[in-house]
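Enquirer: Got a structure here, written out as structure tokens. Questions coming.
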Amino acid sequence: MEIQKLKEIDRIFRQHGIEAEDTFKVISAYYLNVHKPSNISKLLQNLWMEGNSILDKASNDNIAKQTLEYTVAFDYYGECLPIIYQYFLGKRFRDLSGKFFTPRNLARLMTKMLPVKPDVIIMDPTCGGGTFLIEASKRWTNNSCTLVGNDIDKMLVALSETMTLLNKQPNHTITFFNDNIYDITSNQKHLFGKVDYILANPPFSLPIESFKVSSNLYKLGYRNSDALFIDLCWNYLKPGGHLVCLLPHSIITNKEYEKLRLEIERIWEIAAVIVLPEGVFNSTSNTTTRADIVFLRKQTDVKNVSNIVFANISDIKHLAYDVNMFIDQYSELSSIVSDFDIEHKRN
């Protein structure tokens, strides 16, 4: 969606005293009015009703109504909703959360790394705009699965649930939580040891003062959100479960994280590390923050895998092509993780 269109939407609703977060609620509510999803959470139900209540302020404005109709007709499955969210609430999202929306093409490529099997639980503990869950739903179109999302921001939970509902397959179950994963509640602890796959882009470099999950990394002195996220995922995953996530490039390279890397090698099977170029998040967050794809598998025994697949994507323009080539070259990266019977190469 072009910035000029967003500015026009902003102008139209400001005339009725509707702005910022309220404008996003109105737009989201209109999508839900059109799709009329069932089995939604209480949180989303409340925000849906609130959005419709706000929309009543512009009920006699035909231009506002036509703008909403055009927006949904142009983008029926809501792929522009994360863009709309960032326009109206972006400053709060970026400045306070340490998170950046994952570009859809990157989320799609990361999802392709997972082997498709029926009846799996796929989780994103920091779901943001729901991009990973949507891409997982598309990849599992012909298979049953359970999609689990969580975010500390209730508006992001509502956005993710809305996006997932608009794209949901009939054989998929969805569940959402609104929790702080670094202060985990009993609400989610029932999932410990049960999740098959985690796809995620956790918040980068936020200080964490306390962590209520068993964590060797915390004991080693790592008190930042991205490091502790790794131990959190270890608790969620069942033995043999897969974690495909984005982590800051500094964790992969900086000396201060040497003990962290050794601890990961001790308790995880490292399948792959894909170094991404600067500018990966430019399309969604206008930042040069550097991130890498890390592919880990929760060990089923004490044996470590000695060979790791490394790839270095040198140019953001070639990201999709290079990662696809990388996956195809090894007959899908998932086969490496599942069987470890393909010769690993180092780039």
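Enquirer: For the stretch 191-215: of the residues being over 21 Å from the mean Cα position of the chain (by Cα) and over 21 Å from residue 153 (Cα atoms), which is surrounded by the fewest Cβ atoms within 10 Å (Cβ to Cβ)?
Expert: 214
Enquirer: Now a separate question. For the stretch 236-243, state whether one or more residues are touching a residue at least 60 places away in the same chain (Cβ under 8 Å), among the charged types (D, E, K, R) and in the same structural domain as residue 312 (by TED's automatic domain parsing).
Expert: Checked against the condition, which is being touching a residue at least 60 places away in the same chain (Cβ under 8 Å), among the charged types (D, E, K, R) and in the same structural domain as residue 312 (by TED's automatic domain parsing), the stretch 236-243 yields at least one hit.
Enquirer: On to the next question. Every residue in the stretch 196-213 that is touching a residue at least 24 places away in the same chain (Cβ under 8 Å) and outside any strand (DSSP E or B), please. Show your work before the answer.
Expert: Residues of the stretch 196-213 that are touching a residue at least 24 places away in the same chain (Cβ under 8 Å), as a first pass: 196-206, 208, 210-213.
201, 202, 203, 204, 205, 206, 208, 210, 211, 212, 213, listed by residue number.
Enquirer: Looking at 166, 156, 232, which is the one that is farther than 25 Å from residue 117 by Cα, out of contact with any strand residue (DSSP E or B) (no Cβ under 8 Å at 6 or more places or on another chain) and modelled with pLDDT of 90 or more?
Expert: 156
Enquirer: Could you check how many residues of the stretch 161-195 are assigned to a strand (DSSP E or B) and closer than 28 Å to residue 264 by Cα?
Expert: 2
Enquirer: Right, next: Can you tell which of 301, 292 is among the acidic types (Asp, Glu) and modelled with pLDDT under 90?
Expert: Selected residue: 301, the only one of 301, 292 that is among the acidic types (Asp, Glu) and modelled with pLDDT under 90.
Enquirer: May I ask you to say which residue of 141, 126 is modelled with pLDDT of 90 or more, within 25 Å of residue 225 (Cβ to Cβ) and in a loop (DSSP other than H, G, I, E, B)?
Expert: Only one candidate qualifies: 126.
Enquirer: I've got another one for you. Given the criteria in contact with a Gly (Cβ under 8 Å, 6 or more places away or on another chain), hydrophobic (A, V, I, L, M, F, W, C) and modelled with pLDDT under 95, does residue 211 qualify?
Expert: Considered against the rule, which asks whether it is in contact with a Gly (Cβ under 8 Å, 6 or more places away or on another chain), hydrophobic (A, V, I, L, M, F, W, C) and modelled with pLDDT under 95, residue 211 comes out as no.
The values are calculated or read from the model by the stated rules, or taken from the named source; none is laboratory data. Here the structure is a predicted model, which is why all the values come from computation and not from measurement. Here Cβ is always computed from backbone atoms with ideal geometry, including for glycine, and neighbour counts include all displayed protein chains.
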